[in-house]
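Data block below; observations after.
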Amino acid sequence: MKLVFATHNLNKYKEVKALMPKHIELVSLTDIGCFDDIPETEPTIEGNAKLKAMYVRDHYNLNCFADDTGLEVDALHGAPGVYSARYAGPQNDSEANMNKLLMHLENSVDRSAHFKTVIALSLDDGEELFTGICEGIILMGKQGEEGFGYDPIFQPNGYSQSFAEMNQKEKGLISHRGRAIAKLIAFLSEKE
């Protein structure tokens, strides 16, 4: 089975590709010749995932899935949420985003947060949604060199390391994206 993963984020693509079984041929937007910056104009994580999947389906007529992810911090009433990638501005700068979040939590005792990933699958004119959530805390500072985005400041519950201190396989087994991908794979396996 061939599936397009509707992302331009190479780190995200590598992470997801490593989780996919061998019988699923995963291709990126670049592989299909899509260099468009697909707009994410919906007010929800679910809405943006659907928007990206529909864009590929409508413009390329290919089976695909798209994800959208947000970091939701309890002390900030769910922010940055749907605006996680652009929290510090439209340039999608991970360092600036982390610095802004750490500044906003500087005096906060409650550092609980969770990552939420929603995957929208467009397959043979049908649509399915899969959600993965990973609970954790926001650390006082950055730890680790792996991963991307907010990984250096997010520590999942039950672990003593940040996502950025875990290797790709470790993170993939427990992460929000890994959990959503596992649901996607289980669904696709039933279809075969």
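The values are calculated or read from the model by the stated rules, or taken from the named source; none is laboratory data. Remember, it's a predicted structure, so these values are computed and weren't measured experimentally. Using ideal geometry, Cβ is built from the backbone for each residue, glycine included, and neighbour counts are taken over all protein chains shown. Protein only, heavy atoms only, side chains kept; ligands, DNA and RNA dropped before computing areas. Shrake-Rupley method; radii C 1.70, N 1.55, O 1.52, S 1.80 Å.
Annotations for the structure displayed:
- Among residues of segment 33-67, those that are touching a strand residue (DSSP E or B) at 6+ places or on another chain (Cβ under 6 Å) and under 21 Å from D125 (Cα atoms), counted: 14
- Among the residues listed as D93, D67, D36, the single one being out of contact with any Lys or Arg (no Cβ under 8 Å at 6 or more places or on another chain), more than 14 Å from G149 (Cα to Cα) and acidic (D, E): D36
- A single member of F115, F65 is at pLDDT 95 or above, of a type outside the set (V, I, T) and within 21 Å of F35 (Cα to Cα), and it is F65.
- The number of residues in segment 1-26 that are in a loop (DSSP other than H, G, I, E, B) and in contact with a Lys or Arg (Cβ under 7 Å, 6 or more places away or on another chain) comes to 1.
- Residue, surrounded by the fewest Cβ atoms within 10 Å (Cβ to Cβ), within segment 1-45, restricted to residues that are in contact (Cβ under 8 Å) with a residue 12 or more places away in the chain and of a type in the set (G, A, S): A18
- Residues considered: A66, A88, A120. Of these, the only one that is hydrophobic (A, V, I, L, M, F, W, C) and over 19 Å from I181 (Cβ atoms) is A88.
- Taking segment 51-62 as the range and being open to solvent by 70 Å² or more (accessible area, probe 1.4 Å) and assigned to a helix (DSSP H, G or I) as the test, the residues that pass are D58, H59.
- Considered as a group, the residues in segment 167-192 that are in contact with a Ser or Thr (Cβ under 9 Å, 6 or more places away or on another chain) and aliphatic (A, V, I, L, M) include one that is nearest to T117 (Cα to Cα), and that residue is A180.
- 2 or more residues open to solvent by less than 10 Å² (accessible area, probe 1.4 Å) and in contact (Cβ under 8 Å) with a residue 60 or more places away in the chain: qualifying strands (runs of 3 or more DSSP E) within segment 65-184: 112-123
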